[in-house]
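The block underneath contains the structure these notes are about, expressed in structure tokens.
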Amino acid sequence: MAVIAASSYSFHRLVKTGDAKRVDAPGLAREAGAEAIEFAVGGSLSPPLDRRMALDLLHASQDEGLPITGVCIAAELLRGSRASREAALTSVFEQLDSAASMGVTRFRHDATLGPENGDLSDESFNAALPSLVAACSAIAEHAAQLGIASSVENHGRFVQHALRVARLVQAVNHRAFGVTLDIGNSLFAPQDPVEAAARLAPFAITVHVKDFEIDPAVSPDAGSDGIWPTWPGGPMVRGCIVGAGDLDVAGCIGAALRSGFDGPFVVEFEGPVGDPRTAVARGIGSLRAMLSARHALPRAVDTDPAGTAH
């Protein structure tokens with residue numbers, strides 16, 4: 001099936017400026033044409049998820065009649081002392097418990113931004129892999145006991161390339177652990193995004209859909225805000241409306257569908273300018289057209305992915 005959701009992250013600029021509140025995200029998503037909502041919390045977006053926040057977000061979603069496809073949280077599982085890493089793991093467990101109280105069955109946690117010395121090499125990743133496997137395995141086991149499928153996302157530059165993400169998932173080898181595949185994030189590693197999507201889609205429990213301009217011209221209105229480097233020697237990119245950028249979104253979506261992916265497609269908007277409400281609505285329209293062209297029109301939300309992740 002092909003359910004189209006919107007990420008609350010798409011509206012964080014409105015929350016930051018005071019034009020909206022966190023609990024307004026379900027209403028904004030519904031008005032944009034989404035069939036479900038995914039909540040992104042923690043890090044620079046909000047405090048960590050607790051029972052009070054979970055209840056508020058659940059009630060806001062119920063008021064709008066929108067199912068919650070999942071929760072995404074910030075986490076750092078590699079850096080710091082042993083005590084700080086244990087505290088980070090405990091925080092993930094607590095946020096998992098709060099997510100379970102919302103009835104969600106998909107949960108994405110960050111893995112790491114990489115070692116504190118900034119070494120992003122393959123050798124550094126190989127050295128870090130056992131620690132990441134241990135942490136992700138513990139989270140997956142806790143999630144499974146709650147009927148939740150946990151996942152990591154291809155982002156953060158260290159756990160970004162599809163080969164690295166696949167290695168992590170295969171090493172964890174837990175029935176309730178998979179990938180939140182972000183097709184836009186594939187641009188932040190030296191790889192072909194469609195090939196990256198094809199590699200990770202068999203492990204995906206959720207697909208994030210966003211778009212970027214590659215090497216965008218700096219406009220007088222936007223300045224340089226929102227223009228990000230990808231990898232050393234790679235292009236600069238700027239977030240934009242799905243379907244309006246340079247990413248082969250349709251090709252990535254096709255790769256996911258060919259793999260048999262039947263979970264939710266979650267639209268994200270990371271553009272530095274423009275009204276996020278309009279941008280999300282246009283992005284949902286573009287994605288819906290792509291899915292319709294592949295005879296994959298939206299149907300009911302799949303709310304039980306636990307046990308389906310590879």
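Might you report the magnitude of the Cβ-based charge dipole of the chain about its Cα centre, with Lys and Arg at +1 and Asp and Glu at -1, to the nearest 20 debye? Intermediate values should be presented prior to the final figure.
Working: 25 positive and 36 negative charges, 86 e Å.
The calculated dipole for the chain is roughly 420 debye.
Remark: Val15, Val267 ranked as Val15, Val267, counting other beta-carbon atoms within 10 Å and listing the fewest first.
Rounded to the nearest 5, what is the percent of antiparallel bridges among the DSSP beta bridges in the chain? Taking every DSSP beta bridge with both residues in the chain, the antiparallel ones total about 20 percent. Taking a ≥ b ≥ c as the square roots of the eigenvalues of the alpha carbon gyration tensor, the chain is rounded, as a/c is under 1.5. Of the complete DSSP H runs in the chain, those spanning 30 angstrom or more by Cα along the long axis with a mean Kyte-Doolittle score not below -0.5 are 122-145.
Show me the three semi-axes of the equivalent ellipsoid for region 62-141, from the C-alpha gyration tensor (sqrt of 5 times each eigenvalue), largest first, rounded to whole Å.
Details: eigenvalues 166, 35, 22 Å².
Sorted largest first and rounded, they come to 29, 13, 11 Å.
Using the Cβ-Cβ distance between Thr90 and Met236 with R0 set to 25 Å, the FRET efficiency works out to roughly 0.10.
Take the Cα of Ser137, go 7 Å toward its beta carbon, and the backbone nitrogen atoms of region 64-80 under 19 Å from that spot belong to 77-79.
Values in this text are rule-based calculations from the coordinates and carry no lab data. Owing to the predicted nature of the structure, the values given are computational and were not obtained by experimental measurement. Cβ coordinates were reconstructed from backbone atoms using ideal geometry, including for glycine residues, and neighbour counts include every protein chain displayed.
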